[in-house]
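Okay, so here's the structure we're looking at.
The values are calculated or read from the model by the stated rules, or taken from the named source; none is laboratory data. Every value quoted in this text rests on a predicted model; they were computed, and no experiment measured them. Don't worry about glycine lacking a Cβ; one is built from the backbone with ideal geometry, like all the others, and counts go over all protein chains shown. The area values use the complete protein model at the heavy-atom level, side chains included, leaving out ligands, DNA and RNA. Shrake-Rupley method; radii C 1.70, N 1.55, O 1.52, S 1.80 Å.
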Amino acid sequence: MSEHSGVRGGPGKDPTRDPNAADALAPLGPLEPLGPDEARARLALVDSASLATSRDRSLHVAFSGGIGIAVAVLLVLCWWMASHDNRLGLWLSIAGYGVVLALMFVLKGRAQAAPRGFTRVFNRGLGLTMTLYAVGIAWVFGHQDPWPTVTVVLGLAVVVAMPSLVAAVRIVRMGRR
Amino acid sequence: MTDQQHARFRLDEVIHAPIRFSIVATLAKVDQAEFSAVRDAVQVSDSVLSKQVSLLEQAGYVTVKKGYVGKRPRTWLSLSAAGESALAAHVEALRAIAGG
(Lines give C-alpha, C1' and ligand atoms only; values in the text may rest on other atoms or scores of the structure.)
Protein backbone atom coordinates (compact mmCIF):
# COMPACT_ATOMS: atom_id res chain seq x y z
CA MET A 1 0.00 0.00 0.00
CA SER A 2 1.39 3.33 -0.97
CA GLU A 3 0.53 6.02 1.58
CA HIS A 4 2.00 8.68 -0.66
CA SER A 5 -0.26 8.12 -3.63
CA GLY A 6 -3.28 6.89 -1.76
CA VAL A 7 -3.76 4.04 -4.18
CA ARG A 8 -3.27 0.31 -3.85
CA GLY A 9 0.11 -0.94 -4.99
CA GLY A 10 -0.15 -3.05 -8.13
CA PRO A 11 2.07 -6.02 -8.85
CA GLY A 12 4.20 -3.91 -11.23
CA LYS A 13 7.41 -2.02 -10.47
CA ASP A 14 7.56 0.74 -7.89
CA PRO A 15 7.85 3.94 -9.98
CA THR A 16 9.56 5.79 -7.15
CA ARG A 17 12.44 3.27 -7.05
CA ASP A 18 12.77 1.91 -10.55
CA PRO A 19 14.09 4.56 -12.96
CA ASN A 20 12.72 2.77 -16.03
CA ALA A 21 9.27 2.42 -14.51
CA ALA A 22 9.39 6.04 -13.35
CA ASP A 23 10.26 7.10 -16.87
CA ALA A 24 7.33 5.12 -18.20
CA LEU A 25 4.99 6.77 -15.71
CA ALA A 26 6.34 10.28 -16.35
CA PRO A 27 3.95 11.24 -19.16
CA LEU A 28 0.96 9.97 -17.22
CA GLY A 29 0.77 12.68 -14.60
CA PRO A 30 1.00 12.36 -10.83
CA LEU A 31 -0.76 9.52 -9.05
CA GLU A 32 -3.01 11.67 -6.90
CA PRO A 33 -6.29 10.73 -5.29
CA LEU A 34 -9.27 11.54 -7.49
CA GLY A 35 -12.05 13.95 -6.67
CA PRO A 36 -15.70 13.03 -7.32
CA ASP A 37 -15.80 15.00 -10.59
CA GLU A 38 -12.76 13.27 -12.05
CA ALA A 39 -14.05 9.89 -10.86
CA ARG A 40 -17.31 10.59 -12.71
CA ALA A 41 -15.37 11.62 -15.83
CA ARG A 42 -13.44 8.33 -15.72
CA LEU A 43 -16.61 6.31 -15.26
CA ALA A 44 -18.04 8.09 -18.31
CA LEU A 45 -14.91 7.07 -20.23
CA VAL A 46 -15.48 3.40 -19.33
CA ASP A 47 -19.05 3.62 -20.63
CA SER A 48 -18.15 5.45 -23.82
CA ALA A 49 -15.01 3.49 -24.74
CA SER A 50 -15.49 1.80 -28.07
CA LEU A 51 -13.12 0.05 -30.41
CA ALA A 52 -14.82 -2.46 -32.69
CA THR A 53 -16.15 -0.59 -35.72
CA SER A 54 -19.15 -1.53 -37.85
CA ARG A 55 -16.64 -2.68 -40.50
CA ASP A 56 -15.05 -5.08 -37.98
CA ARG A 57 -18.47 -6.42 -37.03
CA SER A 58 -19.42 -6.87 -40.70
CA LEU A 59 -16.22 -8.86 -41.29
CA HIS A 60 -16.92 -11.11 -38.29
CA VAL A 61 -20.55 -11.60 -39.34
CA ALA A 62 -19.44 -12.49 -42.88
CA PHE A 63 -16.82 -14.87 -41.46
CA SER A 64 -19.22 -16.69 -39.13
CA GLY A 65 -22.12 -16.88 -41.60
CA GLY A 66 -19.77 -17.66 -44.50
CA ILE A 67 -18.24 -20.66 -42.75
CA GLY A 68 -21.71 -22.07 -41.99
CA ILE A 69 -22.74 -21.71 -45.63
CA ALA A 70 -19.41 -23.10 -46.93
CA VAL A 71 -19.69 -26.23 -44.75
CA ALA A 72 -23.33 -26.75 -45.80
CA VAL A 73 -22.39 -26.39 -49.50
CA LEU A 74 -19.55 -28.86 -48.98
CA LEU A 75 -21.99 -31.39 -47.51
CA VAL A 76 -24.30 -31.08 -50.52
CA LEU A 77 -21.38 -31.24 -52.99
CA CYS A 78 -19.98 -34.36 -51.30
CA TRP A 79 -23.39 -36.02 -51.61
CA TRP A 80 -23.78 -34.85 -55.23
CA MET A 81 -20.34 -36.08 -56.30
CA ALA A 82 -20.83 -39.40 -54.50
CA SER A 83 -24.26 -39.75 -56.17
CA HIS A 84 -22.56 -39.46 -59.56
CA ASP A 85 -19.57 -41.54 -58.49
CA ASN A 86 -17.29 -38.60 -59.26
CA ARG A 87 -14.18 -39.02 -57.11
CA LEU A 88 -12.30 -36.18 -58.79
CA GLY A 89 -15.26 -33.87 -58.21
CA LEU A 90 -15.34 -34.93 -54.58
CA TRP A 91 -11.69 -34.02 -54.05
CA LEU A 92 -12.10 -30.79 -56.01
CA SER A 93 -15.04 -29.87 -53.76
CA ILE A 94 -12.93 -30.43 -50.65
CA ALA A 95 -10.05 -28.43 -52.18
CA GLY A 96 -12.48 -25.63 -53.11
CA TYR A 97 -13.77 -25.61 -49.55
CA GLY A 98 -10.17 -25.28 -48.32
CA VAL A 99 -9.58 -22.29 -50.62
CA VAL A 100 -12.82 -20.59 -49.53
CA LEU A 101 -11.89 -21.19 -45.88
CA ALA A 102 -8.40 -19.69 -46.41
CA LEU A 103 -9.89 -16.62 -48.13
CA MET A 104 -12.33 -16.16 -45.28
CA PHE A 105 -9.52 -16.27 -42.72
CA VAL A 106 -7.68 -13.58 -44.72
CA LEU A 107 -10.90 -11.53 -44.68
CA LYS A 108 -11.28 -12.00 -40.93
CA GLY A 109 -7.66 -10.94 -40.44
CA ARG A 110 -8.53 -7.52 -41.85
CA ALA A 111 -10.71 -6.80 -38.82
CA GLN A 112 -8.87 -4.65 -36.29
CA ALA A 113 -10.90 -5.68 -33.26
CA ALA A 114 -13.15 -8.52 -32.20
CA PRO A 115 -16.22 -7.26 -30.34
CA ARG A 116 -16.62 -8.43 -26.73
CA GLY A 117 -18.10 -11.93 -26.62
CA PHE A 118 -17.49 -12.58 -30.34
CA THR A 119 -14.96 -15.37 -29.80
CA ARG A 120 -17.26 -17.33 -27.47
CA VAL A 121 -20.31 -16.95 -29.75
CA PHE A 122 -18.31 -17.77 -32.89
CA ASN A 123 -16.57 -20.81 -31.38
CA ARG A 124 -19.87 -22.27 -30.18
CA GLY A 125 -21.47 -21.75 -33.60
CA LEU A 126 -18.50 -23.18 -35.48
CA GLY A 127 -18.12 -26.12 -33.07
CA LEU A 128 -21.78 -27.08 -33.44
CA THR A 129 -21.72 -26.63 -37.23
CA MET A 130 -18.63 -28.85 -37.58
CA THR A 131 -20.12 -31.49 -35.24
CA LEU A 132 -23.36 -31.53 -37.24
CA TYR A 133 -21.34 -31.72 -40.47
CA ALA A 134 -19.40 -34.74 -39.17
CA VAL A 135 -22.62 -36.44 -38.06
CA GLY A 136 -24.34 -35.48 -41.33
CA ILE A 137 -21.59 -36.73 -43.63
CA ALA A 138 -21.33 -39.98 -41.64
CA TRP A 139 -25.10 -40.40 -41.87
CA VAL A 140 -25.22 -39.66 -45.63
CA PHE A 141 -22.43 -42.10 -46.48
CA GLY A 142 -23.79 -44.67 -44.01
CA HIS A 143 -27.12 -44.82 -45.91
CA GLN A 144 -26.34 -46.65 -49.12
CA ASP A 145 -29.77 -48.22 -49.44
CA PRO A 146 -31.83 -46.13 -49.83
CA TRP A 147 -29.39 -43.41 -50.83
CA PRO A 148 -30.53 -40.07 -49.25
CA THR A 149 -32.65 -37.88 -51.52
CA VAL A 150 -31.76 -34.31 -52.48
CA THR A 151 -34.54 -32.97 -50.21
CA VAL A 152 -33.13 -34.78 -47.19
CA VAL A 153 -29.56 -33.64 -47.92
CA LEU A 154 -30.65 -30.02 -48.47
CA GLY A 155 -32.56 -30.14 -45.17
CA LEU A 156 -29.47 -31.54 -43.48
CA ALA A 157 -27.34 -28.77 -45.02
CA VAL A 158 -29.66 -26.12 -43.56
CA VAL A 159 -29.37 -27.75 -40.13
CA VAL A 160 -25.56 -27.85 -40.46
CA ALA A 161 -25.33 -24.17 -41.44
CA MET A 162 -27.80 -22.99 -38.79
CA PRO A 163 -25.50 -22.72 -35.70
CA SER A 164 -22.97 -20.54 -37.55
CA LEU A 165 -25.76 -18.44 -39.07
CA VAL A 166 -27.34 -18.00 -35.62
CA ALA A 167 -23.89 -16.98 -34.30
CA ALA A 168 -23.67 -14.39 -37.12
CA VAL A 169 -27.10 -12.99 -36.16
CA ARG A 170 -26.04 -12.83 -32.51
CA ILE A 171 -22.90 -10.91 -33.47
CA VAL A 172 -25.10 -8.43 -35.40
CA ARG A 173 -27.26 -7.99 -32.29
CA MET A 174 -24.19 -7.58 -30.06
CA GLY A 175 -23.21 -4.64 -32.25
CA ARG A 176 -26.56 -2.93 -31.72
CA ARG A 177 -26.29 -3.00 -27.94
CA MET B 1 -14.71 7.62 13.02
CA THR B 2 -15.08 4.52 10.90
CA ASP B 3 -12.90 1.44 10.36
CA GLN B 4 -13.79 1.36 6.66
CA GLN B 5 -11.00 2.53 4.34
CA HIS B 6 -11.67 5.42 2.00
CA ALA B 7 -12.47 4.26 -1.54
CA ARG B 8 -9.29 5.90 -2.91
CA PHE B 9 -7.24 3.18 -1.20
CA ARG B 10 -9.01 0.62 -3.37
CA LEU B 11 -7.90 2.30 -6.60
CA ASP B 12 -5.46 0.18 -8.55
CA GLU B 13 -2.10 1.91 -9.05
CA VAL B 14 -1.45 0.24 -12.38
CA ILE B 15 -4.81 1.24 -13.86
CA HIS B 16 -4.98 4.61 -12.09
CA ALA B 17 -2.72 6.39 -14.61
CA PRO B 18 -4.91 8.05 -17.29
CA ILE B 19 -3.40 6.42 -20.38
CA ARG B 20 -3.34 2.94 -18.86
CA PHE B 21 -6.89 3.48 -17.65
CA SER B 22 -7.93 4.41 -21.22
CA ILE B 23 -6.16 1.33 -22.61
CA VAL B 24 -7.81 -1.01 -20.13
CA ALA B 25 -11.25 0.61 -20.54
CA THR B 26 -10.93 0.30 -24.32
CA LEU B 27 -9.81 -3.33 -24.21
CA ALA B 28 -12.70 -4.15 -21.87
CA LYS B 29 -15.08 -3.65 -24.80
CA VAL B 30 -13.42 -6.20 -27.10
CA ASP B 31 -12.14 -9.78 -27.00
CA GLN B 32 -8.95 -8.60 -28.68
CA ALA B 33 -7.77 -5.64 -30.71
CA GLU B 34 -4.91 -4.82 -32.98
CA PHE B 35 -2.17 -2.60 -31.56
CA SER B 36 -2.80 0.16 -34.12
CA ALA B 37 -6.54 0.24 -33.36
CA VAL B 38 -5.85 0.72 -29.64
CA ARG B 39 -3.22 3.37 -30.44
CA ASP B 40 -5.75 5.31 -32.53
CA ALA B 41 -8.53 4.92 -29.96
CA VAL B 42 -6.37 6.10 -27.05
CA GLN B 43 -4.65 8.72 -29.24
CA VAL B 44 -1.05 8.08 -28.26
CA SER B 45 2.13 7.33 -30.20
CA ASP B 46 3.38 3.80 -30.86
CA SER B 47 6.19 4.18 -28.33
CA VAL B 48 3.94 5.46 -25.53
CA LEU B 49 1.41 2.69 -26.12
CA SER B 50 4.18 0.10 -26.29
CA LYS B 51 5.61 1.29 -22.96
CA GLN B 52 2.24 1.35 -21.21
CA VAL B 53 1.24 -2.05 -22.60
CA SER B 54 4.53 -3.48 -21.30
CA LEU B 55 3.68 -2.25 -17.81
CA LEU B 56 0.16 -3.68 -18.06
CA GLU B 57 1.58 -6.96 -19.33
CA GLN B 58 4.06 -7.10 -16.43
CA ALA B 59 1.16 -6.57 -14.06
CA GLY B 60 -0.66 -9.46 -15.74
CA TYR B 61 -3.54 -7.26 -16.87
CA VAL B 62 -3.00 -7.37 -20.62
CA THR B 63 -2.06 -10.25 -22.91
CA VAL B 64 0.06 -9.52 -25.97
CA LYS B 65 -0.06 -11.87 -28.93
CA LYS B 66 2.11 -11.47 -32.01
CA GLY B 67 1.33 -12.99 -35.37
CA TYR B 68 1.07 -12.45 -39.08
CA VAL B 69 -1.79 -11.66 -41.44
CA GLY B 70 -0.31 -12.62 -44.78
CA LYS B 71 3.23 -11.26 -44.62
CA ARG B 72 2.35 -8.36 -42.36
CA PRO B 73 3.29 -8.69 -38.68
CA ARG B 74 0.47 -7.87 -36.29
CA THR B 75 0.28 -7.42 -32.53
CA TRP B 76 -2.98 -8.22 -30.77
CA LEU B 77 -3.86 -6.98 -27.31
CA SER B 78 -6.49 -8.36 -24.97
CA LEU B 79 -7.51 -7.89 -21.36
CA SER B 80 -6.66 -10.87 -19.15
CA ALA B 81 -8.96 -12.25 -16.46
CA ALA B 82 -6.79 -10.47 -13.86
CA GLY B 83 -7.16 -7.25 -15.86
CA GLU B 84 -10.93 -7.63 -15.95
CA SER B 85 -11.07 -8.16 -12.18
CA ALA B 86 -8.74 -5.22 -11.54
CA LEU B 87 -10.82 -2.94 -13.77
CA ALA B 88 -14.05 -4.04 -12.08
CA ALA B 89 -12.58 -3.31 -8.63
CA HIS B 90 -11.16 0.00 -9.84
CA VAL B 91 -14.51 1.06 -11.35
CA GLU B 92 -16.23 0.10 -8.10
CA ALA B 93 -13.83 2.36 -6.18
CA LEU B 94 -14.43 5.17 -8.72
CA ARG B 95 -18.20 4.80 -8.20
CA ALA B 96 -17.72 5.09 -4.45
CA ILE B 97 -15.62 8.24 -4.90
CA ALA B 98 -18.06 9.71 -7.44
CA GLY B 99 -20.91 9.02 -5.05
CA GLY B 100 -19.26 11.30 -2.58
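With (1) assigned to a helix (DSSP H, G or I); (2) more than 8 Å from every other protein chain (Cβ to nearest Cβ) as the list, and B:VAL14 as the residue in question, which single condition is left unmet?
(2)
When you scan region A:80-109, how many residues do you find that are charged (D, E, K, R) and over 13 Å from the mean Cα position of the chain (by Cα)?
Matching residues across region A:80-109 total 2.
Within region B:38-59, identify whether any single residue is touching a Gly at 6+ places or on another chain (Cβ under 9 Å) and on the phi > 0 side of the Ramachandran plot, and answer yes or no.
No; the residues of region B:38-59 include none that is touching a Gly at 6+ places or on another chain (Cβ under 9 Å) and on the phi > 0 side of the Ramachandran plot.
Please specify each residue of region B:31-57 satisfying the condition of being in a strand (DSSP E or B) and either open to solvent by 30 Å² or more (accessible area, probe 1.4 Å) or without any contact (Cβ under 8 Å) to a residue 12 or more places away in the chain (or both).
Result: B:ASP31, B:GLN32.
Yes or no: B:THR63 within 15 Å of the chain's Cα centre (by Cα), under 23 Å from A:LEU59 (Cβ atoms) and of a type in the set (S, T, N, Q)? Step through it out loud before you land on a result.
Details: within 15 Å of the chain's Cα centre (by Cα): yes; under 23 Å from A:LEU59 (Cβ atoms): yes; of a type in the set (S, T, N, Q): yes.
In short, yes.
Just the residues that are buried (at least 18 other Cβ atoms within 10 Å of the Cβ), modelled with pLDDT of 90 or more and more than 8 Å from the chain's Cα centre (by Cα), please, taken from region A:114-127.
A:GLY125, A:LEU126
If a residue must be of a type outside the set (S, T, N, Q) and under 18 Å from A:PHE141 (Cβ atoms), how many such residues does region A:42-91 contain?
19
Taking region A:79-114 as the search range and keeping residues that are more than 14 Å from every other protein chain (Cβ to nearest Cβ) and touching a Leu at 6+ places or on another chain (Cβ under 6 Å), which one is nearest to B:TYR68 (Cα to Cα)?
Among those residues, the one meeting the criterion is A:TYR97.
Go through (1) more than 23 Å from B:LEU77 (Cα to Cα); (2) within 13 Å of chain B (Cβ to nearest Cβ); (3) touching a Leu at 6+ places or on another chain (Cβ under 6 Å) for A:GLY65 and report which single condition fails.
Every listed condition holds for A:GLY65 apart from (2).
Which of (1) free of Cβ contacts under 8 Å to residues at least 40 places away in the same chain; (2) surrounded by fewer than 16 Cβ atoms within 10 Å (Cβ to Cβ) does B:GLU84 not meet, given it meets every other one?
(1)
Pairs, please: C-beta under 9 Å, at least 6 apart or cross-chain, first residue surrounded by fewer than 17 Cβ atoms within 10 Å (Cβ to Cβ) and in region B:58-77, second in a loop (DSSP other than H, G, I, E, B) and among the charged types (D, E, K, R)?
B:GLN58/A:LYS13; B:VAL69/A:ARG110
Tell me which residues, restricted to region A:44-72, are surrounded by 18 or more Cβ atoms within 10 Å (Cβ to Cβ) and either farther than 20 Å from A:ASN123 by Cα or at pLDDT below 85 (or both).
Matches in region A:44-72: A:VAL46, A:ALA49, A:LEU51, A:ALA52.
Please determine, by comparing only the residues of region B:61-100 that are part of a strand (DSSP E or B) and more than 10 Å from every other protein chain (Cβ to nearest Cβ), which one is nearest to A:ALA49 (Cα to Cα).
B:VAL62
Taking A:ILE137 as the residue in question, decide whether it is of a type outside the set (Phe, Trp, Tyr), surrounded by 19 or more Cβ atoms within 10 Å (Cβ to Cβ) and closer than 19 Å to A:ILE67 by Cβ.
The answer is no for A:ILE137.
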